[in-house]
Amino acid sequence: PEPAPDPVPEPSQATDVTSGGHGVVDYTQIPKQLDTKFEELDTDSALRATIIKPGSVWTHKAKKALLAAPTISSMSTDQQKTKKEEAFDLLDGLTRAGALKCDQASLHGVLAGTHCFDLSLIDTLVQR
């Protein structure tokens, strides 16, 4: 039997869109590549992409100092936007507006998929 192709591209195999072949991966293309592989390999169309929508109110945990007790608060949409801007301002300052590279940085992303089954769990157990 022929081995199945790898359905998820490694970052080194992902489409190089942003830099014209200079080793930069456009991670925004990975969901599109996954959809293409799903259509190609999923013959019964049971697997579908899932859109994750975070809630409008988030929980924020923080410490005023290293040994201080953590505080927990809720963040509204406006507060989330402010914190995001503060984080990007800090990153901009630490990298001197992009003049310094972040070689040891890591990017975390979340991709989700939904698998639709033909039968319920009980129907599968009883009928099979």
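Listing for the model above:
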| item | result |
| --- | --- |
| Count of residues meeting criterion [open to solvent by less than 100 Å² (accessible area, probe 1.4 Å) and not in a helix (DSSP H, G or I)] in region 26-43 | 2 |
| Filter result for ALA62 (on the phi > 0 side of the Ramachandran plot and open to solvent by less than 100 Å² (accessible area, probe 1.4 Å)) | no |
| Some residue of region 75-97 being over 30 Å from GLY23 (Cβ atoms), at pLDDT 85 or above and outside any helix (DSSP H, G or I) | yes |
| Residue match in region 114-121 (condition: among the hydrophobic types (A, V, I, L, M, F, W, C), closer than 20 Å to ASP26 by Cα and modelled with pLDDT under 85) | no |
| Near pairs, Cβ below 8 angstrom, 6+ apart or cross-chain, from region 100-119 (free of Cβ contacts under 8 Å to residues at least 60 places away in the same chain) to any residue that is in a loop (DSSP other than H, G, I, E, B) and open to solvent by 80 Å² or more (accessible area, probe 1.4 Å) | VAL110/ILE52 |
| ASP118, sole failed condition from (1) among the charged types (D, E, K, R); (2) surrounded by 10 or more Cβ atoms within 10 Å (Cβ to Cβ); (3) part of a loop (DSSP other than H, G, I, E, B) | (2) |
| Unique match (being more than 21 Å from the chain's Cα centre (by Cα), under 26 Å from ILE30 (Cα atoms) and of a type in the set (A, V, I, L, M, F, W, C)) among ALA87, ALA68, ALA46, ALA62 | ALA46 |
| Single condition ILE72 does not satisfy, out of (1) open to solvent by less than 100 Å² (accessible area, probe 1.4 Å); (2) modelled with pLDDT of 85 or more | (1) |
| Index of the failed condition, CYS102 passing every other in (1) modelled with pLDDT under 85; (2) surrounded by fewer than 10 Cβ atoms within 10 Å (Cβ to Cβ) | (2) |
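The values are calculated or read from the model by the stated rules, or taken from the named source; none is laboratory data. Predicted, not measured: the structure shown is a model, and the values here were computed from it. Every residue, glycine as well, gets a Cβ built from its backbone with ideal geometry; the counts of neighbours run over all protein chains shown. These area figures cover heavy atoms from the full protein model, side chains too; ligands, DNA and RNA do not enter into them. Shrake-Rupley method; radii C 1.70, N 1.55, O 1.52, S 1.80 Å.
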